[in-house]
Amino acid sequence: MRESNSPDAIVQHVRVVAHIRANKWKVEWIEPNQGLVDYVTSAQIIAPWKERKAFLKEEACERRLREHNKELGYQGDDAPVPAALYEVFDSIGDDLSFYKGILSGSPDALTRFSTRAKLPAIEVQSPGYVDRAGRIRLSFDFAIKLAQKFCAAEPATVLVGIDATEQEWTRKVSGGEMYLVGLLQKNARSLGIDSTMGWTRCSSRPTRGGNSASRTTGLGCAICTPKSRTRPRGCKIAPRHRKIKTQEKRTKSLH
């Protein structure tokens, strides 16, 4: 038990005497203040005493993971890149969850994901870790890399859902539901595939044998990475670095 939610608070050994109501419990202290009886909340009871070492180790791993994400510049889920990651991992339909900059999932789900994304087996590397429940937790930058690989392997899986959402909101705004304008503008940055992740709108059609659903999406069918000097077959949008060079030439010619 801890008297506060701070990770710096001392862990105390108590025995639960009775559940009083809602989130209130009656406990008896074993160490320190042996024999003291008082009332605490559910949030203060953190783990069984025999699991305290594993709990504290997991807590330290989680702190390192979040500090790593903060150093990368992660500022919350309202930014375009995290919002796009939510769409990608929600579209997969497996036991994977992206939440507050951290990708988590069962080992089996990550194995299935790596197969679909045409990746080798995913190895857990620091600051990633496996929690007490056996779930793998991965950093923000690792989640971005995995999302890019999946979008390249199964673009239609992600884009069909994005396009459907965009079309529905556009239709509602046209019908006078103006409260959706802000959401539509926000999602134009994230769902319209954010360029900072190297994702680009593309007007190409799927190659023969591709998913026919790609033909119906206005957001295109391919993911172009910034470092790539090639583009998917049929793509009419050049890689990002070429677009920047072209814009620079046009700017110079105007001067």
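The values are calculated or read from the model by the stated rules, or taken from the named source; none is laboratory data. As the structure is a prediction and not an experimental result, all values here were calculated from the model. Backbone-built Cβ (ideal geometry, glycine too); neighbour counts: all protein chains shown.
Looking at the range 169-183, which of its residues are surrounded by 11 or more Cβ atoms within 10 Å (Cβ to Cβ) and assigned to a helix (DSSP H, G or I)?
Trp169, Thr170, Arg171, Lys172, Val173, Leu180, Val181, Leu183
Do we find that Val88 is within 17 Å of Asp141 (Cβ to Cβ) and surrounded by 12 or more Cβ atoms within 10 Å (Cβ to Cβ) in this structure?
So Val88 fits the description; yes.
Looking at (1) over 30 Å from Ala156 (Cβ atoms); (2) part of a helix (DSSP H, G or I); (3) among the hydroxyl-bearing types (Ser, Thr, Tyr), can you tell me which one Ser126 breaks?
(2)
If you take just the helices (runs of 4 or more DSSP H) that sit entirely in the range 1-118, which of them hold at least 3 residues that are in contact with a helix residue (DSSP H, G or I) (Cβ under 7 Å, 6 or more places away or on another chain) and not charged (D, E, K, R)?
80-92
Identify, by number, the condition in (1) farther than 20 Å from Arg137 by Cα; (2) surrounded by 12 or more Cβ atoms within 10 Å (Cβ to Cβ); (3) of a type in the set (Lys, Arg) that Arg63 doesn't meet.
So Arg63 meets the others, but not (1).
From the residues in the range 48-80 that are of a type in the set (A, V, I, L, M, F, W, C) and within 27 Å of the chain's Cα centre (by Cα), which one is modelled with the lowest pLDDT?
Per the criteria, the residue is Ala79.
For (1) touching a residue at least 60 places away in the same chain (Cβ under 8 Å); (2) surrounded by 13 or more Cβ atoms within 10 Å (Cβ to Cβ); (3) within 30 Å of Glu3 (Cβ to Cβ), each residue gets a yes or a no:
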| residue | (1), (2), (3) |
| --- | --- |
| Ala43 | no, no, yes |
| Trp49 | no, yes, yes |
| Glu58 | yes, yes, yes |
| Asn69 | yes, yes, yes |
| Gln75 | no, no, no |
| Asp95 | no, yes, no |
| Lys100 | no, no, yes |
| Leu103 | no, yes, no |
| Asp108 | no, no, no |
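When the residues of the range 157-195 are filtered to those that are of a type in the set (Ser, Thr, Tyr) and at pLDDT below 80, which remaining residue is farthest from Phe113 (Cα to Cα)?
Within the range 157-195, the match that is farthest from Phe113 (Cα to Cα) is Tyr179.
Hey, any hits in the range 112-122 for a residue that's touching a residue at least 60 places away in the same chain (Cβ under 8 Å) and surrounded by fewer than 17 Cβ atoms within 10 Å (Cβ to Cβ)?
No, the conditions are met nowhere in the range 112-122.
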